1. Go over the candidates B:Ile63, B:Ile74 one by one and state the one that is out of contact with any Asp or Glu (no Cβ under 6 Å at 6 or more places or on another chain) and hydrophobic (A, V, I, L, M, F, W, C).
2. If you check B:Thr62, B:Thr75, which single one turns out to be of a type in the set (Ser, Thr, Tyr), farther than 27 Å from A:Tyr47 by Cα and touching a residue at least 24 places away in the same chain (Cβ under 8 Å)?
3. Can you list residue pairs whose Cβ atoms sit under 6 Å apart, with the first residue in region A:20-41 being assigned to a strand (DSSP E or B) and surrounded by 13 or more Cβ atoms within 10 Å (Cβ to Cβ) and the second being at pLDDT below 95 and not hydrophobic (A, V, I, L, M, F, W, C)? Count only pairs 6 or more apart in sequence or on different chains.
4. Name the residue, out of B:Gly103, B:Gly57, B:Gly40, that is exposed (fewer than 13 other Cβ atoms within 10 Å of the Cβ) and facing chain A (nearest Cβ under 10 Å).
5. Being at pLDDT 95 or above and over 11 Å from the mean Cα position of the chain (by Cα), is that true of even one residue in region B:68-75?
6. Just for region B:88-100: of the residues that are crowded, with 23+ Cβ neighbours inside 10 Å and at the interface with chain A (Cβ under 7 Å from one of its Cβ atoms), which one is farthest from A:Tyr47 (Cα to Cα)?
7. What pairs can you find where one residue is in region A:98-112 and facing chain B (nearest Cβ under 7 Å), the other is buried (at least 20 other Cβ atoms within 10 Å of the Cβ) and aromatic (Phe, Trp, Tyr), and their Cβ atoms are less than 6 Å apart, with a gap of 6+ or different chains?
8. Restricting to region B:24-37, give me the number of residues that are out of contact with any Pro (no Cβ under 7 Å at 6 or more places or on another chain) and within 12 Å of chain A (Cβ to nearest Cβ).
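The values are calculated or read from the model by the stated rules, or taken from the named source; none is laboratory data. All figures in this text were calculated on a predicted structure; none of them were measured in a lab. Note that we place each Cβ from the backbone using ideal geometry, even for glycine, and neighbour counts take in every protein chain shown.
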Amino acid sequence: EAQVTQNPRYLITVTGKKLTVTCSQNMNHEYMSWYRQDPGLGLRQIYYSMNVEVTDKGDVPEGYKVSRKEKRNFPLILESPSPNQTSLYFCASRGLAGLSEQFFGPGTRLTVL
Amino acid sequence: KNEVEQSPQNLTAQEGEFITINCSYSVGISALHWLQQHPGGGIVSLFMLSSGKKKHGRLIATINIQEKHSSLHITASHPRDSAVYICAVRPTDSWGKLQFGAGTQVVVTP
């Protein structure tokens, strides 16, 4: 089954404790991206990657890091999480050929205390 | 100012009614997405458009590139259509980016 998976689905952590949210896709997609969703602010793009070793900032990259060492994986790293990073996070992927549909992961609900 | 504007913000309809959600954007785009998000959070892609019109079941999406406007129509609405519908655009000057509208909360009552 074609899918984007994220782990963990739920996470409660404390300020300053480094964490990684994993994202993996099984569709051989070149493009992957991370978004956060907040009440009243909607969805906003954090980082995206057009292919292995190619990443670029979205609209709200501050406080986040990403890496794309393999085509299928695109982890989101919070080196020193803060309470303002409490949010619902989505990973997504799509192919680059023509107009490709975007597939979203199930979301990760992160709470930083 | 958000470059992607959706209207209405909220919409309540009775089962069977025809629903229209509008999306206007201010930048040149290569594609526009319509997304659906049910309570509980998962996001599903409904349509991706670069021109014209697409239909899938009771859902129809149209786009007018010259007017920078898209509409999502739901015919014969059903309570299971209750969800947030989100418009998102891919700017032509930044191919990897995706800019989102604020979403339209749709409630369909039996």
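1. The match here is B:Ile63.
2. None of the others qualify; the one that does is B:Thr75.
3. The qualifying pairs are A:Tyr31/A:Arg94.
4. The conditions single out B:Gly40.
5. yes
6. B:Phe100
7. A:Phe104/A:Phe90; A:Gly107/A:Phe90
8. Going through region B:24-37 one residue at a time, the tally reaches 8.
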